[in-house]
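Q: Sharing a structure here in structure tokens format.
The values are calculated or read from the model by the stated rules, or taken from the named source; none is laboratory data. Here the structure is a predicted model, which means the values were calculated and not measured. Here the Cβ is made from the backbone with ideal geometry for all residues, glycine too, and neighbour counts use every protein chain on show.
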Amino acid sequence: MNLVDIASNIKATLVNVANKENIDIIGVAGIEDANSNQITFIANKKYTPMANVTNAGAIIVSPDFPQITIPTLRTKNPYFAFALAVELFYQSPQYESGIHTTAIIHPSAKIGNNAHIGAYVVIDADVKIGNNAILLSHVVIYRGVHIGNDFFAHSHAIVREYCSLGNHVTLQNSAIIGSDGFGFAKNDNGQWHKIVQSGITVIKDNVEVQANACVDRSTIGQTYIGCGVKIDNLVQIGHGSKIGENDMLCAQVGISGSTAIGANVILAGQVGIAGHCKIGDDVIVTAKSGVSGDIKSRKIVSGIPAIDNKLWLRISAAYKCLPEMIKIIRKLTKTLSIDNH
């Protein structure tokens, strides 16, 4: 594909090219690995020095990026433009409609048009699935589940009983929707008694749940995942929680039960949130932070317990000074002790 067509497709301005029609790109690659037939990008400023030494045939950058000699596609969102470029060159596997002979589908289940049902898929009673569904091998849909159009479930994904999923929902391998919440109460003998998890999980439109993530069903009521939410690998969402629209939950995030999270929130890797917390809109919690209380909207927090990010950065910068500070304090203490005697 020539650069003129690529620029048009990703809505970028093409510069530093004399014979635009004669430059063909056959793929995309990272800036360190790209060759003269590939296109790359820079969205992080720390890679800026590599722009003048990369072997890439062209590079996607922001409008204010310094001038460089190789063909350049300038756009206000280089990372998103690169994502569009990947789509130009990668063709996902196509799955023809049909039901594999080993699939087990209850007679009461209703499946829409153009469905692909793979080997050993199990669909229980009273399930409703919309049009254009793709269920790959070993997917299990428990009874009473309702799923909208354009559902895509990779191998070993599971949706438990009575849960509800909207349109354009994707479940990656071994994602589990509606597993039992972690609910136990001690009886009079001090033994743990399991609380029946009678609620459901509700997932709205355009949600993706990635590999080995779990969204628990609620004890009563529902666990709710809003439109556009992206849930990374190994995320745990506790029972009765509510996740707002367009939230991004990165790898190994753990959210305890009955937590309410607003819209457009980013929880970076390994963030932990205690139960019954309320997180406002547009909040960012940086990696490995622990949240034990409510957070107001548009805050950036870090640390354990999570505090304002700027304060946490100052505290972190002070850590390296602690050994020298201890020496000074010990010296002053010794001097004061001598003076007092």
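Q: Can you pull out the residues in segment 197-213 that are farther than 18 Å from H146 by Cβ and over 13 Å from the mean Cα position of the chain (by Cα)?
A: Step one: filter segment 197-213 for residues farther than 18 Å from H146 by Cβ, giving 197, 208, 210-213.
Within segment 197-213, just Q197 meets the criteria.
Q: For a quick check of your reading: which strands (runs of 3 or more DSSP E) sit entirely within segment 151-236 and have at least 2 residues that are closer than 21 Å to A251 by Cα and hydroxyl-bearing (S, T, Y)?
A: On the way: elements: 176-179, 184-186, 192-194, 200-203, 214-216, 222-225.
Counting at least 2 such residues, we get 222-225.
Listed here are the residues, each with its yes/no results for (1) in contact with a Ser or Thr (Cβ under 8 Å, 6 or more places away or on another chain); (2) free of Cβ contacts under 8 Å to residues at least 40 places away in the same chain.
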site	(1), (2)
S179	no, yes
F184	no, yes
V196	yes, yes
G221	no, yes
Y224	yes, yes
V235	no, yes
G240	yes, no
I243	no, yes
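Q: In contact with a Lys or Arg (Cβ under 9 Å, 6 or more places away or on another chain), over 20 Å from K288 (Cβ atoms) and either outside the structural domain of V159 (by TED's automatic domain parsing) or at pLDDT 95 or above (or both), is that true of T219? Steps first, answer last, please.
A: Working: in contact with a Lys or Arg (Cβ under 9 Å, 6 or more places away or on another chain): no; over 20 Å from K288 (Cβ atoms): yes; either outside the structural domain of V159 (by TED's automatic domain parsing) or at pLDDT 95 or above (or both): yes.
When the stated conditions are applied, T219 does not pass them.
Q: Return the only residue of D180, D247 being acidic (D, E) and buried (at least 20 other Cβ atoms within 10 Å of the Cβ).
A: Criteria check complete, one pass: D247.
Q: Still on this model: Which one of I31, I60, I39, I6 is in contact with a Leu (Cβ under 6 Å, 6 or more places away or on another chain), buried (at least 16 other Cβ atoms within 10 Å of the Cβ) and modelled with pLDDT of 90 or more?
A: Of I31, I60, I39, I6, the one residue that is in contact with a Leu (Cβ under 6 Å, 6 or more places away or on another chain), buried (at least 16 other Cβ atoms within 10 Å of the Cβ) and modelled with pLDDT of 90 or more is I60.
Q: Let me ask you something else. Given F65, F80, F41, which one is touching a helix residue (DSSP H, G or I) at 6+ places or on another chain (Cβ under 6 Å) and of a type in the set (F, W, Y)? Before the answer, list the steps.
A: Values: F65 fails: touching a helix residue (DSSP H, G or I) at 6+ places or on another chain (Cβ under 6 Å); F80 fails: touching a helix residue (DSSP H, G or I) at 6+ places or on another chain (Cβ under 6 Å).
None of the others qualify; the one that does is F41.
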